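Data first, discussion second: the structure below is written as structure tokens.
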């Protein structure tokens, strides 16, 4: 089963990169984003550095100069090429990177039959890590394409229009709730330890806010009314000249993976920052749920699936990304995976159309800074 | 009693500014800080705009051009002079600003005997608001003086050396705890609504981390070891070249309100950012308490006073500054006081040597961005 | 006579600072500008460091910590306080700086009767240096006042309206012209060596461009037409949002040393950048003269005085600030006075209402970067 | 002959791009540089917009969306994609751009037999324009490769070592010299009008400064001695941390088009800024020639060829890039070619190993800002 997960995951990454030309795969449109080629290489480096080197005797690093290029942020694993300059790596070529992937795949195949539990756990982590980069690959290339006046489509065929159910408030009685991963199946360290949280009674929407609803907010002058915004949010609106969601065009159309399309009023609004999500909620007379409310409510009947294959979006919560009580990062490089990012970011829950099937869970904690708006991130109201 | 509070508060602000020359009172050393003269004027504007104009019939604004200069961040009260340019206001002069204060004081004296409950509540708010600015006046002038190679002393006489008790761990059993202001006496809106929080058992230090303990961290290479730091913290250490707390000099002495002094190993370490507090805690094998743990523990026997008259320091907590369940900002300008800052900041609890007596409470929530290090901010360990 | 120059110059600096409050004297509104108090101190430091220390046996530095504060840019004279932080020096106070001036004056009085020729030459240089700072003191305080929404007046009384003569073209036949200082009286090193330049025949305007003429350029859309501008100029117009000269208000009035006044159509336009001067000339079908043309033409009959006591302005030329053939900076600190600035700046000729009487000469070379617009800088057309 | 020039030039651009992968051809490593693919497209757009559209009846623009992408800086020819974002244009692909080139070539072939003199002049300009971009293509890709830790070689084979003749001073008697293009053959508008300049007698070196000589300057601490530098130069040295020429490695080797090679002491030093050239000259007790001295001296016997096929370098002069007396930009878009850049830049004379054969002339004026150091720019001493 781990073999299957590994094979499927590795193949899917290549498939996601397939529509991209060599030039596309090298685009880096901002420091926060990475080239598709870099994602292809980095996910392989992760297996090489954390699995193969420590656990496969006799493993030879594919190229000794590459770990420096493809280490993302692991201080304990040596120096790194500056993040904003990833787009300047025309060499190694996309073909060479694919060769790197094959080299790593072959070594993993050698290792798997004899892998210790520790090694198997790291391989599983590497697969889920790669799934995270699959989503980033899509959001990053979408941002890069949005910077090209030609607005190319990643995948030209248009999806079916979305169908949003009528909005309804689901009631949750509150109480002492168990939060965090139950222990069955894989989870990231940041989803634990499982612990109890006391919630007051609350209501939460059965579904995400739609583009139609958000368009009303825009039309009502939401981006011109400072009192709706958090202070940092309003400062950002003014400094960046925000007037609508990131990929909404001036003519009312919306840019996305399928190119420029008419705004679909039933589709969830995406590519929102936390600031925009909060301002909308304020305007709507509601608020964002905390991540604990979200997790508690996710089992309520009528709580719409987070990650619709075609239309889902992550949902900003009113919780900052902080360690759960008793959280301890693991020893070694793996300990740098999550814990060191636990400040200055907000938690998102759910999953999106770009999230690989099976990747997210109700306890899953995604996180981004409050100004980030290039993800498939929207909101679900609470009150 | 409100009369007393008002008189005492207004007088104390002037007393704090007394050691400053006209030139000192105009210093603005960074966008986050304000000139002492501006603090003197802004706190008067606050009474003028929120109390006198709405509640004293016939009140005449002191100068119609000044609200623009001394409104801090109230979007609902009109346009504002750009914050980073407050230090460029040589006019009005310090004397004119003192005249403004007298004008406002006289009008408040006229109003007080006949003030409605709503007006009295706003006057009380204005006093606590002014007390907050008293602390900022001190931390801001200290920062400004630190930028002068002559390192002038705000108050030359040296205080008594600090005496730190032996460090001990206080045990708290956890459980469902009531958090937030009880309702007796004044509190800011962000301290409520009072609500229940479920805590796991924890231990907390009886006292703050001392300069001596922090010096060990510095000497052990704490500022050179990335694995001790949050990712944003380490990026800041490198970008800003941090090597020790803000006012520690290379020769081992420490700059403060009393000028340059020998490091006092028993004094609480102050002028720390949240990042530095976290890195120290990591190095010490401990962590920061959440704001809820802090509040719950504050009544434990042996929990040392937060605000020692001579040596206290605010204590960074592991909680971000977020609304309590059910929090709603008030309608009108007062609603901009706290709520709109509830993102991207960490809560500090306690109080400091610069906090006016009687200002802080166990439920009091101070807040600053994680990189801010010009406050009297230190830490108390938990585990 | 040197005694007179010294006494007059030193007294005039104080007189220029007299209308300023202690707070005014500390204003620094941008890195390129300096506080009036700093000008008062720096000009004294110049005498101390270049004249008194080397030439007056037994001279005691007024305060050993001050040279670091008041050295402007002399690498050979030790480390310096960062230029953009001059406005943060509330200490020493204005009174202490005046004491510094008296200390230096007294020592110069001691030295003068016995001064060597070398020392006398340096004292003369110090006087002309101080005269340059007199002009900067005025342009810097004007800029600082322009950042205050109250727009205070340095000198409230309004001057007589200007009278501009009718515009006329003066013809110059060209030929081999002697350029540079003749050697009689004081000159800065950058005015020599005197040398020959070959000029083609040209015409030059008898007077400066007026505010009325420039207002026509503004009204004709000059700030919106890229083809009139140098490439760097247009980039600056867009990046800075320039729409009119620096101190022209949106309502058609003009801010200046006398506060806000109606635009005087006959007054020379001032506070122009080189970019604006070039764009105007292009629009007017003319060009700027070179500094050599300007100097050659300055003796033509009808060539209006450069520095009208009330209304004069420096005139941008089409010449960059470069060394004359055979120019060699002097040995020692004095060599840093001019030569090291000879790149990236344009020469201005003439003088302005803020130039001390007797300071400028036909061979005088003022210089500023092409984007600088806070000086009394205008233009005279050529063709 | 124009046909030959056109064919050769167009073919050579493609040949220069031949060693580059699709990814290489898209690299933009700084705002000042452009991707090779962009150079290929822009040079074609130049012919399309300035020659084919106005002069070939019935010409169809290849793609109506492309002029916006490939217009460089011609305000009169419509809006432009932001320069720093040229590297984000993964589409159109390199193949599509080559198709664009063929489309333009075919149309030019149609036009040529019937082209008016005006059209022929523009075609000739387009060829020389494209030759300029050939040099930029090389310097830009070299800069991009220098940002890749793998330091790829554009052209791996190592050139023959350079042979520098012994340094000697050539004497020029000065006098009235004719400067500027004589009128025979093509020249850019900035090379005229031809006019007379009066020069004093001077001496100029027979050859360029070598890497060996420059290495002595580095070893002597040239980058640590502020008194050798222009003020802006020293500020740049400190702000950028310059310690040696741009492509000199810490281990003494040098990166270039042929990859990393041992420093060749006889080769001209290149990739110098004007600031570095001036500091070296100061250290060597000499100076840079003016562009007029350079042009006058270029016919002296022994004046070494500017553009050695393998080793030449442009030579910074002490002249800013300013219009010659009587210079008038042409009407229309062509007028934006040179004139609007005439401020803030220094003239370079000669030519480099990257300059196409036959492109440069003694009257040729190359120009770059004084801090630019990614060109094949060195220096020749004068005194």
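The values are calculated or read from the model by the stated rules, or taken from the named source; none is laboratory data. Every value quoted in this text rests on a predicted model; they were computed, and no experiment measured them. Positions of Cβ are backbone-derived with ideal geometry, glycine not excepted, and every protein chain shown enters the neighbour counts.
With the condition kept exactly as written, say whether any residue in region C:55-65 is closer than 22 Å to residue C:125 by Cβ, surrounded by 21 or more Cβ atoms within 10 Å (Cβ to Cβ) and under 19 Å from the mean Cα position of the chain (by Cα). Explain how you work it out, then say what you get.
Pass one, region C:55-65, residues closer than 22 Å to residue C:125 by Cβ: C:55-57, C:59, C:61-62.
Of the ones still in play, those that are also surrounded by 21 or more Cβ atoms within 10 Å (Cβ to Cβ) are C:62.
Still in the list and also under 19 Å from the mean Cα position of the chain (by Cα): none.
Checking region C:55-65: not a single residue is closer than 22 Å to residue C:125 by Cβ, surrounded by 21 or more Cβ atoms within 10 Å (Cβ to Cβ) and under 19 Å from the mean Cα position of the chain (by Cα).
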### Query
What number goes with the only condition from (1) over 25 Å from the mean Cα position of the chain (by Cα); (2) within 11 Å of another protein chain (Cβ to nearest Cβ); (3) not in a helix (DSSP H, G or I) that residue D:73 does not pass?
(1)
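Rundown of residues vs (1) within 14 Å of chain A (Cβ to nearest Cβ); (2) free of Cβ contacts under 8 Å to residues at least 60 places away in the same chain; (3) within 27 Å of residue B:372 (Cα to Cα); (4) assigned to a loop (DSSP other than H, G, I, E, B), yes/no style:
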| residue | (1), (2), (3), (4) |
| --- | --- |
| B:143 | no, no, yes, no |
| B:149 | no, yes, yes, yes |
| B:152 | no, no, yes, yes |
| B:161 | no, no, yes, yes |
| B:166 | no, yes, no, yes |
| B:182 | no, no, no, yes |
| B:196 | yes, yes, no, no |
### Query
Going by the structure shown, is residue C:54 out of contact with any helix residue (DSSP H, G or I) (no Cβ under 7 Å at 6 or more places or on another chain), over 23 Å from residue B:152 (Cβ atoms) and at pLDDT 95 or above?
yes
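With the requirement that a residue be farther than 23 Å from residue C:9 by Cβ and either in contact with a strand residue (DSSP E or B) (Cβ under 7 Å, 6 or more places away or on another chain) or surrounded by fewer than 22 Cβ atoms within 10 Å (Cβ to Cβ) (or both), what does region C:344-357 give you?
Kept after step one, since they are farther than 23 Å from residue C:9 by Cβ, are these residues of region C:344-357: C:344-347.
Selection gives C:345, C:346, C:347.
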### Query
Within region D:45-70, can you find the residues that are assigned to a helix (DSSP H, G or I) and either under 15 Å from residue D:110 (Cβ atoms) or not assigned by TED's automatic domain parsing to the domain that holds residue D:141 (or both)?
D:47, D:48, D:51, D:52, D:53, D:54, D:55
### Message
I'm trying to understand the selection: among the residues of region B:5-34, which are more than 14 Å from chain C (Cβ to nearest Cβ) and under 20 Å from residue B:258 (Cα atoms)?
### Response
B:12, B:13, B:14, B:15, B:16, B:18
## Note on the structure
Checked region A:324-352 for anything part of a loop (DSSP other than H, G, I, E, B) and within 18 Å of residue A:298 (Cα to Cα); matches are A:350, A:351, A:352
### Query
Could you say whether any residue in region A:105-128 is within 11 Å of chain D (Cβ to nearest Cβ) and either modelled with pLDDT of 95 or more or under 20 Å from the mean Cα position of the chain (by Cα) (or both)?
no
### Query
Is at least one residue of region A:95-102 away from chain D (no Cβ under 14 Å) and crowded, with 22+ Cβ neighbours inside 10 Å?
no
### Task
Test residue A:321 against the criterion of being surrounded by fewer than 20 Cβ atoms within 10 Å (Cβ to Cβ), within 15 Å of the chain's Cα centre (by Cα) and either within 14 Å of chain B (Cβ to nearest Cβ) or modelled with pLDDT of 95 or more (or both), and give yes or no.
no
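If we keep just the residues of region D:141-166 that are touching a helix residue (DSSP H, G or I) at 6+ places or on another chain (Cβ under 9 Å) and at pLDDT below 95, which is surrounded by the most Cβ atoms within 10 Å (Cβ to Cβ)? Break it down into steps so the answer makes sense when it comes.
Just the residues of region D:141-166 that are touching a helix residue (DSSP H, G or I) at 6+ places or on another chain (Cβ under 9 Å), to begin with: D:141, D:144-145, D:147-154, D:162, D:164.
Still in the running and at pLDDT below 95: D:162, D:164.
Details: D:162: 16, D:164: 20.
The residue in question is D:164.
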### Query
Of the conditions (1) in a loop (DSSP other than H, G, I, E, B); (2) at pLDDT 95 or above; (3) under 24 Å from residue B:160 (Cβ atoms); (4) in contact with a helix residue (DSSP H, G or I) (Cβ under 7 Å, 6 or more places away or on another chain), residue B:271 fails just one. Which one is it?
(4)
### Message
For the list (1) surrounded by fewer than 18 Cβ atoms within 10 Å (Cβ to Cβ); (2) out of contact with any strand residue (DSSP E or B) (no Cβ under 9 Å at 6 or more places or on another chain), I need the number of the one condition that residue A:337 fails.
### Response
(1)
### Task
Could you tell me whether any residue of region C:213-231 is without any contact (Cβ under 8 Å) to a residue 60 or more places away in the chain and in a strand (DSSP E or B)?
no
### Message
For residue C:327, only one of the following conditions fails: (1) at pLDDT below 95; (2) touching a helix residue (DSSP H, G or I) at 6+ places or on another chain (Cβ under 8 Å); (3) surrounded by fewer than 20 Cβ atoms within 10 Å (Cβ to Cβ). What is its number?
### Response
(1)
### Summary
Selection from region C:305-314 of residues over 9 Å from residue C:351 (Cβ atoms) and modelled with pLDDT of 70 or more yields C:311
### Message
Within region B:234-268, take every residue that is in contact (Cβ under 8 Å) with a residue 12 or more places away in the chain and in a strand (DSSP E or B) and give me the one that is surrounded by the most Cβ atoms within 10 Å (Cβ to Cβ).
### Response
B:268
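Where residues in region A:274-302 are assigned to a loop (DSSP other than H, G, I, E, B) and touching a helix residue (DSSP H, G or I) at 6+ places or on another chain (Cβ under 8 Å), which of them is surrounded by the most Cβ atoms within 10 Å (Cβ to Cβ)?
If we filter region A:274-302 for residues that are assigned to a loop (DSSP other than H, G, I, E, B), which is where we start, we get A:284-286, A:288-290, A:298-302.
With the extra rule that they be touching a helix residue (DSSP H, G or I) at 6+ places or on another chain (Cβ under 8 Å), the set shrinks to A:284, A:288-289.
Details: A:284: 19, A:288: 24, A:289: 28.
Ranking the candidates gives A:289 first.
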### Task
Taking residue D:339 as meeting all but one of (1) under 22 Å from the mean Cα position of the chain (by Cα); (2) under 21 Å from residue D:143 (Cβ atoms), write down the number of the exception.
(2)
### Query
With (1) touching a helix residue (DSSP H, G or I) at 6+ places or on another chain (Cβ under 8 Å); (2) assigned to a helix (DSSP H, G or I) as the list, and residue C:92 as the residue in question, which single condition is left unmet?
(2)
### Query
Given the conditions (1) outside any helix (DSSP H, G or I); (2) within 11 Å of chain A (Cβ to nearest Cβ); (3) crowded, with 20+ Cβ neighbours inside 10 Å, and given that residue D:79 satisfies all but one, which numbered condition is not satisfied?
(3)
### Task
Could you tell me which numbered condition residue D:229 fails, if it satisfies all but one of (1) surrounded by 20 or more Cβ atoms within 10 Å (Cβ to Cβ); (2) farther than 18 Å from residue C:341 by Cα?
(2)
### Message
Among the residues that make up region C:240-253, is at least one of them under 24 Å from residue C:312 (Cβ atoms), within 14 Å of chain D (Cβ to nearest Cβ) and over 25 Å from the mean Cα position of the chain (by Cα)?
### Response
no
### Query
Any idea which of (1) away from every other protein chain (no Cβ under 12 Å); (2) free of Cβ contacts under 8 Å to residues at least 12 places away in the same chain is the one residue C:380 doesn't satisfy?
(2)
